[in-house]
Structures are given as C-alpha cells and as structure tokens.
Amino acid sequence: MKSQDSVAYFVIITSTILILIFLINNIFNDGHTSSKPKKDTRTGADSNYVNTTQSYECLANETEPCEINGCNGTKECINGRWTHCKVISECIPGETEGCHYDQCRYGIRTCNDCGKWGPCRIT
C-alpha cells in the first residue's frame with residue numbers, strides 16, 4: 001500500500017508542478033506561447049535581430065522631409081534607419097488638364113517637373 005500511495009502522491013505533485021509552470025509561462029508571456037519575435041518599440045525591428053550596441057538614426061514610424069532634384073519628398077524610419085527619399089507624384093510632368101480659374105472662367109494647369117500640379121492659368 002505504501003508504494004501505491006507514493007506513486008499517487010508523485011503523480012499529483014508532478015501534475016501540479018506542470019500546471020503551475022504552464023500558468024506562470026502564460027502570465028509572463030501575456031498569454032503568448034509562440035516563439036515569434038517581438039517588435040522593438042523604439043525602432044519597429046524584430047527583437048531577435050536588434051543589436052543592443054547599435055545606434056539608431058531614428059525611431060519607428062518617424063517621418064522626415066527630404067528633397068530630390070528640388071522636389072519635396074518624405075523618408076520614413078524602418079528598423080532604426082531612414083529609407084531613401086520618396087517623392088509622390090500627382091501627375092505626369094508636362095501633362096495638362098482643365099481647371100476652374102474662378103467662378104466664371106476656366107483655365108489650364110500643367111504638371112511640373114516634380115509631378116505636382118501648377119497654378120490654374122487662363123489661356
């Protein structure tokens with residue numbers, strides 16, 4: 001009888017320890033047990049790839065104005081580094097379209113070299 005009691009106590013204690021380990025793991029990992037990398041909140045980089053001695057140029061989701069050939073653009077921070085400057089075009093340079101000059105007159109506007117519409121002019 002004593003050996004059967006010892007085995008039963010062993011099973012109960014082992015089961016209790018495993019349940020406690022599972023619960024503690026879920027508490028400290030916010031309920032996540034996957035091994036997916038967490039994001040570095042400063043840079044947006046995966047924490048598995050972040051070099052803690054690395055200096056960062058910028059913080060995650062920051063943007064900064066920039067210029068390419070006299071055209072205004074924007075660069076953004078990804079993984080602690082600035083991307084290349086991007087200029088968003090509204091139109092094809094040299095393209096023209098009709099526009100309202102005022103309440104009574106129409107005009108034409110031309111797309112400039114930066115891909116932005118110029119002012120409406122009466123022709």
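The values are calculated or read from the model by the stated rules, or taken from the named source; none is laboratory data. As the structure is a computational prediction, the values presented were derived from the model and not from experiment. Cβ sites come from the backbone with ideal geometry, for glycine too, and all protein chains shown count toward neighbours.
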Residue pairs meeting the criteria (Cβ under 6 Å; at least 6 apart or on separate chains; first assigned by TED's automatic domain parsing to the domain that holds Cys114 and free of Cβ contacts under 8 Å to residues at least 12 places away in the same chain, in the range 63-83; second surrounded by 13 or more Cβ atoms within 10 Å (Cβ to Cβ) and in a loop (DSSP other than H, G, I, E, B)): none
Filtered residues of the range 96-119 (kept if surrounded by 13 or more Cβ atoms within 10 Å (Cβ to Cβ) and under 26 Å from Thr74 (Cα atoms)): Thr96, Arg109, Thr110, Cys111, Asn112, Cys114, Gly115, Lys116, Trp117, Gly118
Residue list for the range 29-84, filter: charged (D, E, K, R), more than 17 Å from the chain's Cα centre (by Cα) and at pLDDT 90 or above: Glu67
